[in-house]
């Protein structure tokens, strides 16, 4: 009997269907227990169809979800680059479902961007591919229209790296605050974003080291590294610390007009693009931005036989191959190899001349 009474507790139903036990307890009356059992048997014999999860969303939704992810896990610089590209995509594909964006549409977009440069088109492809891969990984979509598309070939050039003399000339014509800013970049070989976010709590004058943070790591973790101070760096930071505004936590900050808040605000710098252009013109040197100062420092260390592992740690690279890109000096190994080639060639020429005589 599947419905029965238990003294002091009430009525229950209890039955087995295809090896699975089904029970529910303590109804006030037998009628209620019978009714509940009947409903359960009906549910078992007529199961509701499994509702499939949606496998597509609008392209705008995907881009916004990806933007939120980048903002949470990556650097501000990476976020703003992505935002700039995303706005361009939305002008083209707003209102479309992701499944409605074809490989041919992506290819046509890239060909248009290729008219600017192969580098520009390849950058779009990298970010688009990351967007659709993100959607697939999160199970928002199943379709990747960038699959099978190739990067355009580029004409790689030797990256211009300013000489130490040209960097010194630029620093010399800057105002005092910008001089300090450039010297800290030069003496730490840090990324601009790392210097912009540098706090006084990251400065250890007693033990003479600086803690720099980067998000350019796998997983987007904000990772610290310690960089020892040179004498120049120590002198700059010591003087700034003594003259600092105690209410400001930043080593470098400025007052600016915020369009968003419609008032003057105080905070860290963003991307100071115009600064270097004006300073290079004033100093009469070839234009370079902040990042080549980092390349210059790495090349100087490499040219003075500093182990690549030490350079890698100072630059904050996770991959040794990334560090190798920064080493623009011609190392002793290359020079020794060419000297050996020249000696062997001259010896072969002398031996051949002697035999013919």
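The values are calculated or read from the model by the stated rules, or taken from the named source; none is laboratory data. Here the structure is a predicted model, which means the values were calculated and not measured. Backbone-built Cβ (ideal geometry, glycine too); neighbour counts: all protein chains shown.
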Among (1) assigned to a loop (DSSP other than H, G, I, E, B); (2) within 26 Å of the chain's Cα centre (by Cα); (3) without any contact (Cβ under 8 Å) to a residue 24 or more places away in the chain - the single one residue 318 does not satisfy
(3)
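In the list 88, 114, which residue meets the criterion of being surrounded by fewer than 14 Cβ atoms within 10 Å (Cβ to Cβ) and at pLDDT 90 or above?
88
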Which members of segment 270-304 meet the condition of being at pLDDT below 90 and either over 22 Å from residue 159 (Cβ atoms) or loosely packed, with under 13 Cβ neighbours inside 10 Å (or both)?
270, 273, 274, 304
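Return the only residue of 95, 100 being more than 22 Å from residue 149 (Cα to Cα) and exposed (fewer than 15 other Cβ atoms within 10 Å of the Cβ). Quick ask: steps written out before the conclusion?
Numbers: 100 fails: more than 22 Å from residue 149 (Cα to Cα).
Exactly one of 95, 100 is more than 22 Å from residue 149 (Cα to Cα) and exposed (fewer than 15 other Cβ atoms within 10 Å of the Cβ), namely 95.
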Is it the case that segment 126-140 has a residue that's closer than 30 Å to residue 299 by Cβ, outside any loop (DSSP other than H, G, I, E, B) and at pLDDT 95 or above?
yes
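Taking segment 156-193 as the region of interest, how many residues are without any contact (Cβ under 8 Å) to a residue 24 or more places away in the chain and within 30 Å of residue 119 (Cα to Cα)?
2
Filter segment 321-352 for residues that are at pLDDT below 65 and outside any loop (DSSP other than H, G, I, E, B); which is surrounded by the fewest Cβ atoms within 10 Å (Cβ to Cβ)?
Step one: list which residues in segment 321-352 are at pLDDT below 65, which gives 329-334.
Then drop every residue that is not outside any loop (DSSP other than H, G, I, E, B), which leaves 332-334.
Values: 332: 12, 333: 8, 334: 10.
Top of the filtered list is 333.
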Looking at segment 234-245, I want the residues that are over 15 Å from residue 211 (Cα atoms) and assigned by TED's automatic domain parsing to the domain that holds residue 200 and have a partner that is in a helix (DSSP H, G or I) and at pLDDT 95 or above with Cβ atoms under 7 Å, at least 6 apart or on another chain. Which pairs are those?
236/180; 236/183; 236/184; 240/180; 241/200; 244/200
Unmet criterion (only one of (1) without any contact (Cβ under 8 Å) to a residue 60 or more places away in the chain; (2) under 21 Å from the mean Cα position of the chain (by Cα); (3) surrounded by 14 or more Cβ atoms within 10 Å (Cβ to Cβ); (4) more than 18 Å from residue 154 (Cα to Cα)) for residue 125
(4)
Among the residues of segment 226-264, what is the count of those that are farther than 15 Å from residue 196 by Cα, touching a strand residue (DSSP E or B) at 6+ places or on another chain (Cβ under 8 Å) and surrounded by fewer than 12 Cβ atoms within 10 Å (Cβ to Cβ)?
4
Taking strands (runs of 3 or more DSSP E) that do not extend beyond segment 1-70, which have at least 3 residues that are within 55 Å of the chain's Cα centre (by Cα) and exposed (fewer than 15 other Cβ atoms within 10 Å of the Cβ)?
20-27
